[in-house]
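**Q** Please find one structure pasted underneath; my questions will follow.
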Amino acid sequence: MSNYFLELNSVTKRYDQHLAVDSVSMRVPRGRIYGLLGPNGAGKTTSIRMITNITVPDEGQIIFDGEPLQPEHVNRIGYMPEERGLYKKMKVKDQIEYLLMLKGLSTKDAKAARENWLEKLGLTDWTNRKTTDLSKGMQQKVQFITTVAHEPPLLILDEPFSGLDPVNTQVVEAEIRRLNAAGTTIIFSTHRMEQVEELCDNIALINRGKLILEDDITSVRKRFQKNAYLIEFTGDKSEISNIAGLEVKELNERDAMVRIPEGEDAKYLMRHLINTNLEILKVELHLPRLNEIFIELVGKDAPVAAQRDQ
Amino acid sequence: MNFDKLWIIIRREYLNIVQKKSFLLATFLVPLGILIFAVIEIASITMVEKEKYTVLLPQEKASIFQEKEYELTNTTDLTFQIVDQPLDSVKKRVQGNEGELWINPPQKNQIKEYDEGPLTITSTKTLSEGVKKEIRKQIGKRIRAFRQQKQGISDEQLKKLDFELNLTTTKIDKKTGEESKGFKYLTMIIGGIMGFAIYMLVAIYGQILMQSVIDEKSNRIVEVIVSSVKPFQLLLGKTVALISVAMTQMIIWGVLSVLIYMGVGLFFADQFDPDAIANAGVSVSEVQNKWQEVEMEVASFNWSVLLLMPIFFIGGFFLYGSLYAAVGSAVDNIQDAQQLVFPISLPLILSIFAGINILQNPNSTLSVVSSYIPFFSPMTMPVRIAATDVPWYEVVLSIIVLILGFLACIWVAAKVYRTGILMYGKKPKLKEIIKWVRTS
């Protein structure tokens, strides 16, 4: 059994003259949460649509659980697209049952899974209501049920928390973690970097159709750390600025963010700090936030995308 | 193709429409409306105008009608009475009484001298046609009997004079010299109704399909669905479901029409006597002749034509329905669809004009040619079959061409559909849609 649940090998997709996905290779480790990031129009949705068999790559190959991807595999994928919705006038229970049966569940299994999940997410009282009668948050939870209730080994969630209040975000997040703990591989796409940091084990960054980064999240943050340190102190802050060779990124009354020269490490900073009159409370290697890395890598068009609030 | 999933889609789409109030209303209220209309129509002929009158015949004007032999007979509504009063007082009496009227029939000398005579009826109220007819009929019958007797003609002799002309027209084929019955009213009516019904069903259900595709797209559910099934399966499932809905509706309407026909027949059986028809102002023999004609046509009508209707409807709906769905997939809302739908609606509407023309000239070039063009044949071929004799192989050929036609349309539509359902934003131009077909 491969360590990777899903592999994309040099996958390319063209629309007209436009290269939507340009020779992308990704490896999604089995049983992990894999963050798929990128600004709008980068090729995330196109990649996901190829994984979910909605479209076919022009070139390259997709390996699903060790086999070349086939139409039958759709039953083993749960996909919550960013552009999603439900039949407005259909009852909640019929809706869930229908979508689960389209994933290959028998009527009986679909009903059982439905009841189980409606209870889990506290929607039992709403089963006979039409979708339009539900609040946006409840609709979102129903959508989540239709995505996961057939218990697929691969879940693809595109902005799964949009439209949810903090309480329901927590409920859904807990379910995602639980499914992951039970062995489900999850591809998670969002613009909310703090959610990525919180949930993901690995990330991939796509920009202009190309994969520009793929690694586990700690390695990525280490790789982009750039010798920056956070210092907490009491005393005259001007002493910090006087240390030779130190690049001061940020200087406040009680703390400072500094960069030390290339090739040096924490000892270099300590040596200099000992020679000051400052009382040092803390020295810490600063790992960059994902947001900063994202902006650094994708450039000017990124901040808008990164801050787009759902 | 995963047929389990196709079946699940068909079932949902079918139930979704069949359980809608609008479907139930259309399916049951339309025939009910027709029933009510028919009942009112028949009732207005047979049941209304039940006012009763006393018909006064002044002694001095009584003419032959005071003789026992030529006495006027009372009916349920009319009581005839010869009154021994001067004319002036009879006039006064009628003036003061709504239920009475007086008549002035032809006098004896007028009956002898002329072959026409005056009859005046005087009343305060406007009389119904039924009352006037009845009085006229009774007087006429007596005068005829009187004149027959005067001429010394026996009933037997009179019967020998009667002659009924039954008109039929026969059509001879230009090429084969084969003769067939000429004007087939019933077949023409059935052919016209069939062609028009197919047109209506294709147009209405095509629009429903288009709306349903637009709804799925604007609800954003479509991407969820196509991550489970192929877009083509969804398209096919929806199309087959709508065909099933239309067939359900046709079957219900068919059954209801037969029930209504029988029910109306039973209900009015006793009302449908010659008197009632005569009261309506139509001569009895005229009605009987027409009825016989209809009965003969019913007997000679090739009812298997009706079996072709579902075939041509299904073919036509696959063809037009898939194109309507393609348009629906390309747009985000119904307003944007109007412009794109025009090239589809145009041949559909033209087929109706062609159909009307074919009813009048069933053997014209237009008739023959249009019954082989898949965009027209679902509507025009049934009309042509009903209006004239079409060899079976021509029907088969027309159906084969139709099948090829709708397969081509589905092929094109599926390409547009699978690209269109995932495209949001600006309304695409026809040129772009053609590009989707070429590149996908």
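Bear in mind these aren't lab numbers, they're just calculated from the coordinates by the rules spelled out. All figures in this text were calculated on a predicted structure; none of them were measured in a lab. Every residue, glycine among them, receives a Cβ derived from its backbone with ideal geometry; neighbour counts consider all protein chains shown.
**Q** Taking the Cβ of each residue in B:205, B:320, A:4 as the centre, tally the other Cβ atoms inside 10 Å and list the residues starting with the fewest. Present the calculation step by step, with values, prior to reporting the outcome.
**A** Details: B:205 22, B:320 26, A:4 17.
By the 10 Å Cβ count, ascending: A:4, B:205, B:320.
**Q** Right, here's the next one. By count of other Cβ within 10 Å, fewest leading, how are B:376, B:196 ordered? Let's see the in-between values first.
**A** Details: B:376 23, B:196 16.
By the 10 Å Cβ count, ascending: B:196, B:376.
**Q** A follow-up question, please. Using the crude model of +1 on Lys and Arg Cβ and -1 on Asp and Glu Cβ, and no other charge, please compute the dipole size for chain A relative to its Cα centre, in debye to 20.
**A** It works out to roughly 960 debye.
**Q** In which sequence would A:49, B:147 go, from the one with the fewest C-beta neighbours within 10 Å to the one with the most?
**A** Fewest-to-most ranking of A:49, B:147: B:147, A:49.
**Q** Work out the count of Lys pairs in segment A:17-111 where the Cα-Cα distance is under 30 Å, with the pair 8 or more places apart or on different chains.
**A** Lysine pair count for segment A:17-111: 15.
**Q** Which one, A:123, A:33, A:8, projects farthest toward the positive side of the charge dipole computed for chain A from Cβ point charges (K/R +1, D/E -1)?
**A** A:123
**Q** How many percent of Cα pairs in the protein assembly as shown exceed 48 Å? The partial results should precede the final answer.
**A** Numbers: 137049 of 280875 pairs.
So the pairs more than 48 Å apart make up 49 percent of the total in the protein assembly as shown.
**Q** What angle do you read, to the nearest 10 degrees and between 0 and 90, between the alpha-carbon axis of helix A:166-181 and the longest principal axis of chain A?
**A** 80 degrees
**Q** Over all directions, average the projected area of the Cα convex hull of segment B:53-158 and note it in nm². Don't jump to the answer; show the numbers that get you there.
**A** Working: hull surface 28.6 nm².
Projected area, direction-averaged: 7.2 nm².
**Q** Ok, one more. With contacts defined as alpha carbon pairs under 8 Å and 6 or more residues apart, what's the relative contact order of segment A:4-221 in percent?
**A** Dividing the mean separation by the residue count of segment A:4-221 yields 31 percent.
**Q** Tell me the Rg and the Dmax, in Å, that the Cα atoms of segment A:226-285 produce.
**A** Rg, Dmax (Cα atoms, Å): 10.1, 29.
**Q** In Å³ and rounded to a whole number, note down the convex hull volume per residue for the Cα atoms of chain A.
**A** Per residue, the Cα convex hull of chain A comes to 168 Å³.
**Q** Round to the nearest 10 and give me the degree value, 0 to 90, for the angle of helix A:92-101's Cα axis relative to the longest principal axis of chain A.
**A** 90 degrees
**Q** Please give the net charge around residue A:165, taking every other residue with its beta carbon less than 12 angstrom from that of residue A:165, where Lys and Arg add +1 and Asp and Glu add -1.
**A** With Lys, Arg at +1 and Asp, Glu at -1, the neighbours total +2.
**Q** Would you kindly state how much longer the chain becomes between residue B:97 and residue B:397 on full extension, computed as 0.36 nm times their sequence separation minus their alpha carbon distance, in nm to one decimal?
**A** Result: 100.6 nm gained on full extension.
**Q** Rounded to the nearest 20 debye, what is the charge dipole size of the protein assembly as shown about its Cα centre when +1 sits on each Lys and Arg Cβ and -1 on each Asp and Glu Cβ?
**A** Here the size comes out at about 800 debye.
**Q** Here's something else I'd like to know. Taking 18 Å as the cut-off for C-alpha to C-alpha distance, list the pairs among A:136/B:20; A:130/B:21; B:52/B:141; A:120/B:217 that go past it.
**A** Violating the 18 Å Cα-Cα cut-off are A:136/B:20; B:52/B:141; A:120/B:217.
**Q** If you don't mind, there's one more thing I want to ask. Going Cα to Cα from residue A:282, which aspartates and glutamates come in below 13 Å? Please leave out same-chain ones fewer than 8 positions away.
**A** Within the straight-line limit of under 13 Å, residue A:282 reaches these aspartates and glutamates: A:232, A:255.
**Q** With both partners inside the protein assembly as shown, how many of the DSSP beta bridges are antiparallel, as a percent to the nearest 5?
**A** Of all bridge pairs located within the protein assembly as shown, approximately 60 percent are antiparallel.
**Q** What is the dipole size for segment A:18-148, taken about its Cα centre, with +1 at each Lys and Arg Cβ and -1 at each Asp and Glu Cβ, in debye to the nearest 20?
**A** Values: 20 positive and 15 negative charges, 122 e Å.
Magnitude of the dipole: close to 580 debye.
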